[in-house]
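Asks: Below: one structure in structure tokens.
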Ligand SMILES: Cc1cc2nc3c(=O)[nH]c(=O)nc-3n(C[C@H](O)[C@H](O)[C@H](O)COP(=O)(O)OP(=O)(O)OC[C@H]3O[C@@H](n4cnc5c(N)ncnc54)[C@H](O)[C@@H]3O)c2cc1C
């Protein structure tokens, strides 16, 4: 019997296993895949990850991002670059493998290639059933098996359809193309309804993709991906060999609780992804660490009451996701207006970089944006009129 079992070894599970084992708890972490494994992802990690992890991730960083080149309907590029990094581009196969090795190095027992198929909680312990017939027991379980995994969907009742949908592809490319993207990424607005497109440079490739609200775009996502690839100036001559689609389980307003008895959820499993950018890696690490701390505290106090974790999520994370939802409505419902504001007033974005770095909360940023708009109705009207001259 372990103190804790962690199901899934993406950034949420590995971070949880790392902090559990670092605190001296007996922890078993299992993943159905063998690492390094592919994960459909843009691989851009915001700089605030440094506030969560107590070790350096620079060995896995392929490109440091200090700003964004925005485009509207594939044209009107605007570079907004800052003097400090805002994010790091990684390849998820090596990044996730690096995190698994970190957890293993501090004493977590890792089993790769083992799929968990069911779990039960009899109030004294959690029992996990695996595909090979094995039964494993622990005092607590952290579910980190991703968006459509057994723990979140089957055991907690999260709805995988309440999410964003995304398609991505990794394209090998010449150093001259990568050079053009030195220290930045590209973000495309206006051509993908209720979403955006991206080009994230890595060491020898570009990660490209589009993401949008599932309910509003559905299967059309493929059409928008193809359009993005054929129309974007940087991508036109590149050969797209494969593409991969997956859901991005953004937070939804009536999400179920993330704690049930002795089981708690971290990362995508609990739909703990911001609904504005679809950023999930940072939140996976953040909630993996917080889930571990909740379990450590229970083991030390000799209780099984994990309600502090749910309270923390409601106090610290949901207001952030709520603000991200309001920003989404503002930007994706009025992309022409928003783009015009961005072109004329780039400081609005520079301040958002502070959010990406973790220097300001999303909630306080949204309050500032909202107050600025409300406080200058004539300025907003002017921007709206100007935006009518942007392509529809
Ligand atoms: C196309 C796309 C692009 C994205 N781009 C970005 C980006 O640029 N930046 C960003 O921050 N976020 C991005 N995201 C979101 C990000 O990928 C996720 O939020 C992040 O991977 C969540 O980590 P996690 O550990 O919760 O889950 P995952 O990384 O999904 O890990 C879950 C793990 O559980 C394992 N597993 C599943 N089922 C079982 C089972 N039954 N038994 C055992 N193991 C199991 C899987 O093998 C996997 O290793 C993107 C998502 C998509 C789909």
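The values are calculated or read from the model by the stated rules, or taken from the named source; none is laboratory data. What you are looking at is a predicted structure, and each value in this text was computed from that prediction instead of being measured. Cβ: placed from backbone, ideal geometry, glycine included. Neighbour counts: every protein chain shown.
Asks: Being within 10 Å of the ligand (Cβ to nearest atom) and at pLDDT below 95 is true for just one of 268, 254, 244. Which residue is that?
Replies: On inspection, the qualifying residue turns out to be 244.
Asks: Next up: Kindly list the number of the only condition in (1) part of a helix (DSSP H, G or I); (2) over 30 Å from residue 21 (Cα atoms); (3) in contact with a helix residue (DSSP H, G or I) (Cβ under 7 Å, 6 or more places away or on another chain) that fails for residue 294.
Replies: The failed condition is (2).
Asks: One residue is enough: does the stretch 273-290 have a residue meeting the conditions in a helix (DSSP H, G or I) and away from the ligand (no atom under 16 Å from the Cβ)?
Replies: Looking for residues that are in a helix (DSSP H, G or I) and away from the ligand (no atom under 16 Å from the Cβ), one finds none in the stretch 273-290, hence no.
Asks: Within the stretch 1-27, track down each residue that is more than 8 Å from the ligand (Cβ to nearest atom), outside any helix (DSSP H, G or I) and crowded, with 24+ Cβ neighbours inside 10 Å.
Replies: Passing the criteria: 4, 5, 6, 27.
Asks: Does residue 100 satisfy the condition of being outside the structural domain of residue 283 (by TED's automatic domain parsing) and surrounded by 21 or more Cβ atoms within 10 Å (Cβ to Cβ)?
Replies: Against the criterion (outside the structural domain of residue 283 (by TED's automatic domain parsing) and surrounded by 21 or more Cβ atoms within 10 Å (Cβ to Cβ)), residue 100 does not qualify.
Asks: Would you confirm whether or not the stretch 337-354 contains a residue that is under 19 Å from the mean Cα position of the chain (by Cα), away from the ligand (no atom under 16 Å from the Cβ) and not in a loop (DSSP other than H, G, I, E, B)?
Replies: The answer is yes; a qualifying residue exists.
Asks: Are there any pairs, at least 6 apart or on different chains, whose C-beta atoms fall under 6 Å, with the first in the stretch 265-278 and in contact (Cβ under 8 Å) with a residue 60 or more places away in the chain and over 19 Å from residue 323 (Cα atoms) and the second more than 7 Å from the ligand (Cβ to nearest atom) and assigned to a strand (DSSP E or B), and if so, which?
Replies: Cβ pairs passing all conditions: 265/143; 266/142; 269/143.
Asks: Consider residue 305 against the criteria (1) within 13 Å of the ligand (Cβ to nearest atom); (2) assigned to a loop (DSSP other than H, G, I, E, B): it satisfies all of them except one. Which criterion is unmet?
Replies: Single failed check for residue 305: (1).
Asks: Which condition from (1) surrounded by fewer than 16 Cβ atoms within 10 Å (Cβ to Cβ); (2) over 27 Å from residue 387 (Cα atoms) is the one that residue 334 breaks?
Replies: It is condition (2) that residue 334 fails.
Asks: Determine if the stretch 239-249 includes at least one residue that is in a helix (DSSP H, G or I) and more than 23 Å from the chain's Cα centre (by Cα).
Replies: no
Asks: Select from the stretch 150-189 the residues that are surrounded by fewer than 16 Cβ atoms within 10 Å (Cβ to Cβ) and more than 17 Å from residue 207 (Cα to Cα) and write down the one among them that is nearest to the ligand (Cβ to nearest atom).
Replies: Ranking the candidates gives 154 first.
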